[in-house]
Amino acid sequence: MAWLQADPSGNYHVSFRFGGRKFKRSLRTKDAANAEGRRLRLEENIRLVESGRLPVPREADVPTFLLSDGKLDNKVVIDAPITLISLFDSFFAALSTGNLEESTVSGMQIHRRHLERHLGNAFVVQRISLEDLQTYVMERSKQKGLRGRNVGGNTIGKEIETFRAAWNWGVDARKLKGKFPKKGLRFPKQIEMPAFQTWDEIERQIEQGNLSDTEQADLWDCLFLTLDEIDELLKHVKETARQPFIYPMFVMAAHTGARRSEMLRSQTTDFNGDTVTIRERKRVRGKQSTRSLGNTMLLVVWSASPLKQTSMNWRRKIPSPGTPKTVPRVRCKTTPTLTRSIWRAIESARPPISISRPKPLIKSSTTASMPTTGSALSKATSTQTVRSTN
């Protein structure tokens, strides 16, 4: 009914016939007595099955079931440990289209590369500890970031949050167990940005103090423009814009305070007479909501309503409502988000703009310094901000 065979290395194999088929399985032993005892138990289990006292499950592996006295249905398979690279690959592959902004996913991919570079692609994620994370924070805080400063706690915190998001997904997908060991993690102190200031206030500080180039750049990042300066800026953009859609985007940002991503989601039908519809994603998590701005704000602040005039002139360039807006191909630096948007906005490669002042009003990137001045304009105040909130 069952018989033993020894291979050239001395290991014993057992062969038997069951259900009209022949099976052969290694016993992983060179001990003849041990092999013979397992052969005898195998024959006994076959008799039990044939007598109906030991039922064989439909999907069971027959040799494994009989050699284990009916305890195992299939061969024991130990899952490979989840490595850092495999976790992130599965996590990003599972993100549904439109679940996160493309810019958000792009930033998370950057965080991933930093984590893999420090922890290693083959790092077994289930073994991560608070000590491992703290070591990562310390190493990252010693590296140089923007403007020659060390990488700040806010940046490192975002990288850890990306890791935590992937971990939580792994737990839900039953690839990992337990909570992400973030509690007690200590980050370097943040450097607070200067308060918003007018052009003249910034110039006075630069004249009075021995400020480094980095400190001066921080001040200009907090520039607070007056309405006259906003007007001057828009005129300059209108005169120098390389493509017809750039000026309408600047006007829309100045009048509505719309974020860059909100403008890039705009459709032709959103510009309806004196009403502009803003498509939001950040107010309600996971949902896209809208807000409409009437003509009251525009007429109070800009009696000529340049937004309406600009948008209407721009709409005449579109073949039909709802059609994605296109522009000629130009040699310029683009980002994936802008390239695939309906605005097809560009990052200008020209030198910084100067408006009869020694400092640039907008630093060389159109998209990086889009004015977001809606709240101040809506109150018809005398000052505006230029820092992007997107």
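Mind checking whether some residue in the stretch 30-38 is among the polar types (S, T, N, Q) and part of a helix (DSSP H, G or I)?
Yes.
Of all residues in the stretch 230-267, how many are among the polar types (S, T, N, Q) and part of a helix (DSSP H, G or I)?
So the answer is 3.
Hey, any hits in the stretch 268-283 for a residue that's under 24 Å from SER103 (Cβ atoms) and either assigned to a helix (DSSP H, G or I) or assigned by TED's automatic domain parsing to the domain that holds LEU146 (or both)?
yes
Output yes when any residue across the stretch 119-133 is within 30 Å of GLN216 (Cα to Cα), part of a helix (DSSP H, G or I) and in contact with a Ser or Thr (Cβ under 8 Å, 6 or more places away or on another chain), and no when none is.
no
Going through PRO181, PRO248 one at a time, which residue ends up being surrounded by 12 or more Cβ atoms within 10 Å (Cβ to Cβ) and either of a type in the set (Gly, Ala, Ser) or modelled with pLDDT of 90 or more (or both)?
PRO181
Can ILE202 be described as assigned to a helix (DSSP H, G or I) and over 30 Å from LEU84 (Cα atoms)?
It is true that ILE202 is assigned to a helix (DSSP H, G or I) and over 30 Å from LEU84 (Cα atoms).
From the set of residues in the stretch 15-29 that are basic (Lys, Arg) and more than 13 Å from GLN5 (Cβ to Cβ), which is surrounded by the fewest Cβ atoms within 10 Å (Cβ to Cβ)?
Across the stretch 15-29, the extreme among qualifying residues is ARG21.
The values are calculated or read from the model by the stated rules, or taken from the named source; none is laboratory data. Quantities reported herein were computed from a predicted structural model and do not represent experimental measurements. FYI the Cβ positions are ideal-geometry reconstructions off the backbone, even for glycines, and counts take in every protein chain you see.
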